[in-house]
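Here is the structure we will look at.
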Amino acid sequence: MLPPVHAQSLVARLIREDWGRILSSLVSSIGDFSLAEDSLQDAVVSALEVWSKDGAPRNPDAWLITVARRKALDRIRRSQVADRKSSELALWLEQHHSDPEDREMSIPDHRLELIFTCCHPALEEKSRVALTLRALGGLSTEEIANAFLDKPAAMAARLTRAKHKLGAAGVAFKLPDPQDIAERTDTVLSVIYLIFTEGCHATNGEMMRENLVQEAIRLGRILTSLLPDHAEAKGLLALMLLSDSRRLTRRGDSGEFVPLEAQNRARWDQARISEGVALTETALRRAPAGRYGLQAAISAVHAQAKSFDATDWPQIVALYDVLYARFPNPILRINQALALSYADSPEAGLRLLASVEDDGKLASYQPFHACRADLLARLGRHLEAAESYRAAIALSRAPEEASFLETRLSALRLN
């Protein structure tokens, strides 16, 4: 055993970084999503009790899996109705008993199978995405609810219904047959992208959750390997790599938020940029271009610009036009409005932003207010800019972003 540790912090790290890998291994062996998750949660409670007294095991992941299997067996034995399937599972769990201190225990990686299971067509799309975020990303119910602008209680009920529906439908934990992969791939892509965006803009107040970012990129690589001819899988991987290439420059020496125009481009990850640009070019060879391929193309223009001022803003505006025409979304207009303000003028950007101002959902969308504040400030309309800055600050989850906006607000001349 290792020396005693702060059990709570160690368990929190395991949930944050390894929940998906541990859960997918359990679902693979147990074959029941709800039972696997409930048993893993039981094992986590045991870990908090045991590790705080005896210290952490050398292989915490293996310890959790072993104890979770025992908890699953206990749950089956306590069940009033032990059908044949449950009896067979109980026998399997007994035969595969192992010591939680077995440091040689290997943990197979079944996360991709778990993604496709969560994205089964028996579930509606919102439930597919939410369930996968819970299972693979280890996000809490509250974090998932925030991502959907839902109430936590409603999201908890949705997740419970989704797991029960998978069980009732007898959904097998495996990759779908080749003829069924295509219909589930779009949802799988959206799930991976949501994991990535949650990592980049965490709903829990962190400026970034790097483990989720890297997990999304890893899953993107697995998917492109599994589907080598799928252009949008390549487009998504390209988009994530290009965005992540700037990760080290989004914070200053003191941890403060650094906007794109002030980032040190010499520190951008050129290997990721090169790989991302190559993937983008491959993704765009197939017409019509998909939403991820087009977004990757926009990121590639930013990544290849020698400086902020040298950015090809007209090309970015044109790419947003194509993207919006095919996939209309008011959030795209916010990003395009900022690009248009540099390609044309802040007035032009503000006019475009006004075209989506009546969308009710944007009233609580922080980037809308931050963009509006920036455009108004550059036009010298400081009193209006201050109002938008205050709205953006109130909606900011990350303290670093709020502090950055407060600095911008303080710089306005309000006399």
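The values are calculated or read from the model by the stated rules, or taken from the named source; none is laboratory data. Bear in mind that the values here come from a model prediction, so they are computed numbers and not experimental data. Neighbour counts run over all protein chains shown; Cβ positions are idealised from the backbone, glycine included. When the accessible area is computed, the model is the full protein with side chains, heavy atoms only, and any ligands, DNA or RNA have been set aside. Shrake-Rupley method; radii C 1.70, N 1.55, O 1.52, S 1.80 Å.
Numbers for the structure displayed
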quantity: Qualifying residue in segment 216-237 (condition: modelled with pLDDT under 90, of a type outside the set (A, V, I, L, M, F, W, C), within 15 Å of the chain's Cα centre (by Cα) and over 20 Å from Gln366 (Cβ atoms)); calculated: yes
quantity: Residue within segment 355-371 that is within 25 Å of the chain's Cα centre (by Cα), small (Gly, Ala, Ser) and open to solvent by less than 20 Å² (accessible area, probe 1.4 Å) present; calculated: no
quantity: Those residues of segment 274-320 which are small (Gly, Ala, Ser), surrounded by 15 or more Cβ atoms within 10 Å (Cβ to Cβ) and assigned to a loop (DSSP other than H, G, I, E, B), in sequence order; calculated: Ala289, Gly290, Ala305
quantity: Matching option when the condition is in contact with a His (Cβ under 8 Å, 6 or more places away or on another chain), surrounded by fewer than 23 Cβ atoms within 10 Å (Cβ to Cβ) and not in a loop (DSSP other than H, G, I, E, B), among Arg184, Arg221; calculated: Arg184
quantity: Extreme residue, nearest to Thr117 (Cα to Cα), among residues of segment 150-160 that are open to solvent by 60 Å² or more (accessible area, probe 1.4 Å) and touching a helix residue (DSSP H, G or I) at 6+ places or on another chain (Cβ under 7 Å); calculated: Pro152
quantity: Single residue of segment 263-273 satisfying the filter (among the aliphatic types (A, V, I, L, M) and within 24 Å of the chain's Cα centre (by Cα)) that is least open to solvent (accessible area, probe 1.4 Å); calculated: Ile273
